[in-house]
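Here is the structure we will look at.
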Amino acid sequence: QVQVVESGGGLVQDGGFLRLSCAASGYIGGISAVGWYRQAPDKQRELVARVTGGGSIYYADSVKGRFTISRANAWKTVYLQMNSLKPDDTGVYYCKCATNRGGYWGQGTQVTVST
């Protein structure tokens, strides 16, 4: 089992920045990929960025050029640097760790971008 905890969310103005952190513990040796997802009010959860063990990185079109995903200490921490934030980026951001035993989600961290 993997325990996942997100942090770093908050209230920021349009054009501002935040760095989210995803801290993983437990069965981190089984992690093959980590993704950041977000869920805006009344919308489905969507994949924002994802990094695999082989180094492949995916970004949703809506965040390309503004968000950067990175990891430190193997899979212990995965960051999501979010620059030039827009009100449309508002939502709860979740981290998901994919392993050969299944996917593990954190509780989410709220990001609110004000106009």
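So which residues in the range 32-45 are at negative phi, loosely packed, with under 14 Cβ neighbours inside 10 Å and of a type outside the set (Gly, Ala, Ser)?
Quick first cut of the range 32-45, residues at negative phi only: 32-41, 43-45.
Still in the list and also loosely packed, with under 14 Cβ neighbours inside 10 Å: 32, 41, 43-44.
Passing the criteria: Pro41, Lys43, Gln44.
Identify, from the list Ala98, Ala72, the residue that is modelled with pLDDT under 95 and aliphatic (A, V, I, L, M).
Result: Ala72 is the single residue among Ala98, Ala72 that is modelled with pLDDT under 95 and aliphatic (A, V, I, L, M).
Filtering the range 46-59 to residues that are surrounded by fewer than 16 Cβ atoms within 10 Å (Cβ to Cβ) and at negative phi leaves Glu46, Leu47, Thr52, Gly53, Gly54, Ser56, Ile57, Tyr58.
Within the range 60-115, the set of residues being open to solvent by less than 20 Å² (accessible area, probe 1.4 Å) and out of contact with any strand residue (DSSP E or B) (no Cβ under 8 Å at 6 or more places or on another chain) is empty.
The values are calculated or read from the model by the stated rules, or taken from the named source; none is laboratory data. Here the structure is a predicted model, which means the values were calculated and not measured. Every residue, glycine among them, receives a Cβ derived from its backbone with ideal geometry; neighbour counts consider all protein chains shown. SASA here: full protein model, heavy atoms, side chains in, ligands and nucleic acids out. Shrake-Rupley method; radii C 1.70, N 1.55, O 1.52, S 1.80 Å.
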